[in-house]
Amino acid sequence: MLFKNVWYVADFSASLTADPLKVRMLGRDFVLFRDTQGRAHCLSSVCCHRGASLAQGKCHDDDTLACPFHGWRFNGEGQCTMIPSAATPREGIPKRARVDAYPTQEKFGLVWVFLGDEPAAAHPLFDMPEFGNDGWRMVTFTDTWKANLHVTKWVDLDQVHLHIVHGIALNEENPSRPSEHQVSFTTNGFYTDLVSHPPPRGGSWAKLRTERATVKSHLSFYVPGFTLYGRIDIGMPGSGFVNAFYSLSTPVDEENTRIFLVAFRNFMLEADKDKDHLDRNLRNVYQDKAIAEAHQPKRTPDRVQFPDIAIDREDRLLRSYWELMRSLRARGWQLDRLALDELDRRGDYRVIASPARHTDPDGWVYGTVPMIPADPAAAQAGAGARASG
Ligand code: FES
Ligand SMILES: [Fe+2]
């Protein structure tokens with residue numbers, strides 16, 4: 001169950017250097033490259049001429065990327081601007097000599113790509129107030145999990161596992177029972193604020209919280225980047241010591257997901273504390289990875305079927321997540337993976353529709369990925385549910 005019309009993280013900005021970079025997302029091949037101004041672009045990597053991978057090509061100082069096979073050059077809009085073997089290489093270029101180009105922006109040290117044809121309808125990017133702020137220290141990490149996109153979010157959003165998997169006690173009386181909390185929807189996701197009463201923590205951060213405390217946590221889910229944002233009190237009440245993390249997921253395909261971690265702390269700001277900070281976060285990440293990669297089925301069902309067995313308050317965040325997924329489906333943004341599997345089997349390569357297809361649907365070499373049709377009635381019901389919280 002994968003969706004177009006979402007801003008996804010293609011990679012860290014630092015990974016995109018002078019050479020083109022191949023990125024697989026939504027089961028399709030894309031290429032990122034920088035022009036002479038340093039601006040990042042994202043194109044479908046499959047050359048419209050004979051299907052070579054543009055990611056094996058070269059960047060040129062006329063702000064184009066040249067195909068590795070016959071040297072056709074494509075600009076950041078995906079337009080072919082030169083065919084070296086032609087009598088007049090820069091003139092008379094056929095209309096169909098173009099590939100799909102996707103809106104791209106760099107923010108928070110990440111390259112964001114909008115994979116879809118309706119950027120105006122997108123859930124807006126969130127803010128990352130800690131980024132670039134002197135009061136915060138940042139550590140980052142990335143990995144690819146052999147797990148479905150949604151499973152990578154369940155191991156983020158699920159509350160009970162915090163104690164069972166990570167050993168993070170939520171409350172003294174019953175360490176795995178979440179505190180009372182309400183979920184509120186926003187323009188690009190939902191959030192909740194939790195109050196818990198965990199026992200003092202161990203390890204090198206132990207001196208920050210020395211006795212039973214009332215600990216506040218804020219959790220947000222954002223559709224852009226399929227991001228979980230957590231802001232967790234680390235110290236005693238009033239200390240203001242916080243671990244803030246962003247856990248982002250980009251679907252490589254139906255069964256593999258690239259995860260990105262961007263974590264901040266506003267205490268122990270010395271660089272030599274970075275390793276401990278990252279290790280503490282990664283301990284949880286690897287525990288989640290083990291759960292996620294062993295999960296069945298490898299692909300989530302085509303339709304949202306959750307919840308099977310719902311147990312009161314612990315499932316609230318996951319229910320909210322599924323409600324959001326239902327709304328994306330209702331808007332006609334879910335890829336029809338069975339139809340796409342069949343097309344792939346037949347060698348009929350399909351691309352994610354880019355914004356240019358919206359205004360100019362004709363004259364493209366490749367067709368677009370089939371989609372589950374929109375369901376306006378369901379979209380309406382979803383909007384009503386969200387309004388009533
Ligand atoms: S395959 Fe790309 S230019 Fe021929
Ligand atoms: Fe987890």
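The values are calculated or read from the model by the stated rules, or taken from the named source; none is laboratory data. Just so it is clear, the model here is predicted, and its values are computed rather than measured. Reconstructed Cβ throughout: ideal geometry from the backbone, glycine too, with neighbour counts over all protein chains shown. The protein model used for the area step is the full one, side chains on, heavy atoms only, and it has no ligands, DNA or RNA in it. Shrake-Rupley method; radii C 1.70, N 1.55, O 1.52, S 1.80 Å.
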Within segment 127-176, restricting attention to residues that are assigned to a helix (DSSP H, G or I), open to solvent by 20 Å² or more (accessible area, probe 1.4 Å) and hydrophobic (A, V, I, L, M, F, W, C), which residue is nearest to ligand 2 (Cβ to nearest atom)?
-> Leu162
Test: residue in segment 46-57 that is free of Cβ contacts under 8 Å to residues at least 40 places away in the same chain, open to solvent by less than 60 Å² (accessible area, probe 1.4 Å) and either within 14 Å of Ser354 (Cβ to Cβ) or not aliphatic (A, V, I, L, M) (or both) = yes
Inside segment 1-61, counting only strands (runs of 3 or more DSSP E) that do not spill past its ends, which hold 3 or more residues that are among the hydrophobic types (A, V, I, L, M, F, W, C) and over 19 Å from Val99 (Cα atoms)?
-> 6-12
Scanning segment 345-379 for residues that are of a type in the set (D, E, K, R) and either surrounded by 14 or more Cβ atoms within 10 Å (Cβ to Cβ) or at pLDDT below 95 (or both) gives Arg350, Arg357, Asp360, Asp362, Asp375
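Condition check ((1) more than 19 Å from Glu91 (Cα to Cα); (2) within 16 Å of ligand 1 (Cβ to nearest atom); (3) hydrophobic (A, V, I, L, M, F, W, C)) across all residues:
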site	(1), (2), (3)
Arg34	yes, no, no
Arg39	yes, no, no
Ser44	yes, yes, no
Gly57	yes, yes, no
Cys67	no, yes, yes
Arg73	no, yes, no
Test for Phe126: is it modelled with pLDDT of 95 or more, away from ligand 1 (no atom under 16 Å from the Cβ) and of a type outside the set (Gly, Ala, Ser) | yes
Of all residues in segment 232-259, which are over 12 Å from the mean Cα position of the chain (by Cα), in contact (Cβ under 8 Å) with a residue 40 or more places away in the chain and within 19 Å of Leu219 (Cα to Cα)?
-> Ala244
Mind counting the residues in segment 279-298 that are away from ligand 2 (no atom under 12 Å from the Cβ) and either outside any helix (DSSP H, G or I) or modelled with pLDDT under 95 (or both)?
-> 7
